[in-house]
Amino acid sequence: GTPRLQPHTCHRRSSPATPGDVAVNVYQLIADGKYEAVAEEFHFNLEDPADVAEAKALIVSLCQEKAGPQIEAKGGLASAEVVEEVVAEDGNTAKATVKFVYGNGEEDTQDVDLVKNSEGDWKVAFNK
């Protein structure tokens, strides 16, 4: 079948993104080279704004050095879809399994841990 890549609209407030949506979106942002936007999709369990800024910078550099080039080397991201999504009983954490197909035909799956922030939005859990 054809990959179902939904265009992401700005007014997503009306329907909250599911954990899987967020996980897929993060990888699409990496593939697009939008690393600052990737960092915004993470939830940092940190009080100090300086620590948060440092954590975001770390994610941006990881994307630049590792994740971005890895995707590029495989011919970019042809598709990404959620194959499994498990939300914890308390509704505050989740795990999404995302399957990728790269431009060169290679396939890969990744587990992404997510957490709900104070606004009720799903974010990728930041694990140092």
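The values are calculated or read from the model by the stated rules, or taken from the named source; none is laboratory data. Note that the structure is a prediction, hence the values are computed from the model and not measured. Cβ sites come from the backbone with ideal geometry, for glycine too, and all protein chains shown count toward neighbours. Accessible surface is based on the protein model in full, side chains and every heavy atom, while ligands, DNA and RNA are left aside. Shrake-Rupley method; radii C 1.70, N 1.55, O 1.52, S 1.80 Å.
Could you look through the stretch 102-120, keep only residues that are open to solvent by less than 40 Å² (accessible area, probe 1.4 Å) and modelled with pLDDT of 95 or more, and pick out the one that is farthest from Thr18 (Cα to Cα)?
Taking the stretch 102-120 and keeping what is open to solvent by less than 40 Å² (accessible area, probe 1.4 Å), we get 102, 112, 114-115, 117, 120.
Among the residues that remain, those that are also modelled with pLDDT of 95 or more are: 102, 112, 114-115.
Working: Tyr102: 23, Val112: 12, Leu114: 10, Val115: 11 Å.
Across the stretch 102-120, the extreme among qualifying residues is Tyr102.
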Among Ala94, Ala80, the single one that is in contact (Cβ under 8 Å) with a residue 24 or more places away in the chain, under 18 Å from Asn127 (Cα atoms) and crowded, with 17+ Cβ neighbours inside 10 Å is Ala94
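Mind listing whichever residues of the stretch 64-85 are in a helix (DSSP H, G or I) and closer than 21 Å to Lys95 by Cβ? Working first, answer last.
Here is the first cut: in the stretch 64-85, the ones in a helix (DSSP H, G or I) are 64-73.
Within the stretch 64-85, Ala67 is the sole residue that qualifies.
Only one residue in Glu89, Glu47 is open to solvent by 80 Å² or more (accessible area, probe 1.4 Å), modelled with pLDDT under 95, part of a loop (DSSP other than H, G, I, E, B) and of a type in the set (Asp, Glu), so which one is that?
Details: Glu89 fails: modelled with pLDDT under 95.
Just a single option satisfies the conditions, and that option is Glu47.
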Quick one: is Gly120 out of contact with any strand residue (DSSP E or B) (no Cβ under 8 Å at 6 or more places or on another chain) and outside any helix (DSSP H, G or I)? yes
Only one of (1) open to solvent by 80 Å² or more (accessible area, probe 1.4 Å); (2) assigned to a helix (DSSP H, G or I) does not apply to Ser61, and that is (1)
Expected single match for under 20 Å from Lys116 (Cα atoms) and modelled with pLDDT of 95 or more among Ala17, Ala23, Ala78, Ala57 is Ala23
